[in-house]
Every structure is written in structure tokens, then in C-alpha cells.
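Presented below is the structure to which this report refers.
Each value in this text was obtained by applying a stated rule to the coordinates, not by laboratory testing. This structure is a prediction, so every number in the text was calculated from the model and none was measured. Backbone-built Cβ (ideal geometry, glycine too); neighbour counts: all protein chains shown.
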Amino acid sequence: MSQTVTKKLMLYFPRCECEKPIIYHLVKDHNLVVNVYRAKVTPEEEGYLVLDVTGTEEDIERGMEFVKTFHVSINTTGKGVTLDEQRCTHCGHCVPHCPTGALHFADPATRRVDFNEADCIECLACIRICPYRACASVF
Ligand code: SF4
Ligand code: SF4
């Protein structure tokens, strides 16, 4: 039996595809469990979605092939939130505000802050809090 895995993805929906029930079909027809972190429709009616999908590798692959038939772009890094290493001063201000530990002290001795994207749930707390604007949303 195939092993179940979870993948974090960011989907970009061009204007014409926003209203189609793509997520519904991922669940119903491709046996995937979908956990949506964040969704946004721009004033131009383009859509962005950051989500986890859980299922077998085969079901996820088939589901993504289905998604691509709608001209939806799939970013498999799932990077809805980014950390700009050039701007980050490692002040640590964001660490206690990050609910998942995605932003954390990588080394207690140097107190260097590291960002583990896979643990980010897109709450956007760091974007509001970072005094140096090192954290940003791609949409
Ligand atoms: S608050 Fe901003 S500058 Fe400070 S450690 Fe976090 S991301 Fe880096
Ligand atoms: S968006 Fe939220 S979960 Fe992600 S790194 Fe920032 S504070 Fe942590």
C-alpha cells in the first residue's frame, strides 16, 4: 500500500479560473485531504491559495495533473511567506510571535534566526511584527 504524504503548495489562479470548484474535485475525485492556510482574490480577480494536500504520491500527482488542466500555476515550494536574508538582522523579535516555530533560533549560542518554510502556516504575524520588513507575503 502506498504511503501517505503531505505536500505544501501555492496555487495561482488566473482570472478566468477563480470560480471553478477545483478544490472540491481534489477532495472528491482524487482522495486528497486539503488544508487551506490562506486564500486571496486580488482586485483583478486573480486568485492565490496556499494549502497542504495529504494523500498518496500517486493521488497527489494525479490531482496536480488535474489542476494543471485549468491553467493554474503550482508552486510546490508553498512559499506564500518569505524571509529576506539581506534584511533580517536576527533581532529575534518575531520568534515568540511565530505560532509554529517556523521562525526559530537555529543556534542558542549565536541566537541566529532561521526560517523553516515547511512549518509556516501563513498567519502573517511576522509580517506585522518584523521591524526591518524582512518577512513578506508573495501575494
Ligand atoms: S523580526 Fe525580522 S529582522 Fe528580526 S529576526 Fe525576525 S525576521 Fe529577522
Ligand atoms: S507567517 Fe506565521 S507561521 Fe509563518 S513564519 Fe510568519 S509568524 Fe511564523
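Approximating the spin labels as points 7 Å out from Cα along Cα→Cβ, the Arg111-to-Cys91 distance works out to 1.2 nm. Within the chain, count lysine pairs with alpha carbon atoms under 20 angstrom apart where the residues are 8 or more positions apart or belong to different chains. Lysine pairs, 8 or more places apart or on different chains, close enough: 15. The trypsin sites (Lys or Arg not before Pro) found in the stretch 87-139 that occupy coil by DSSP, while having at most 15 further C-beta atoms within 10 Å, are Arg87, Arg111, Arg133. Only one residue of Val72, Leu9, His30 has its Cα farthest out toward the positive end of the dipole of the stretch 4-75, where Lys and Arg carry +1 and Asp and Glu -1 on Cβ, and that residue is Leu9. For the chain, the mean residue ellipticity at 222 nm estimated from helices alone is -5000 deg cm²/dmol, where every DSSP H run of n ≥ 4 contributes -39500 (n - 2.57) and the total is divided by all residues, rounded to the nearest 500. Pairs of Cα atoms nearer than 8 Å and 6+ residues apart set the relative contact order; for the stretch 88-139 it is 35 percent. For the stretch 78-139, the list of GluC sites (Glu not before Pro) that fall in a loop by DSSP and count at most 16 other C-beta atoms within 10 angstrom reads Glu85.
Among rounded, prolate and oblate, which fits the stretch 1-138 when a ≥ b ≥ c are the square roots of the eigenvalues of its C-alpha gyration tensor, a/c under 1.5 means rounded, and a/b larger than b/c means prolate? Oblate shape, in that a/c is at least 1.5 and b/c is the bigger or equal ratio. Summing Cβ point charges (Lys, Arg +1; Asp, Glu -1) relative to the Cα centre of the chain gives a dipole of roughly 460 debye.
Going from the residue with the fewest nearby Cβ atoms within 10 Å to the one with the most, His93, His30, His71 rank His71, His93, His30.
Multiplying the residue separation of Glu45 and His71 by 0.36 nm and subtracting their alpha-carbon distance yields 7.9 nm. Sorting 2-9, 59-66 by their mean Cβ neighbour count within 10 Å, with the most densely packed peptide first, gives 59-66, 2-9.
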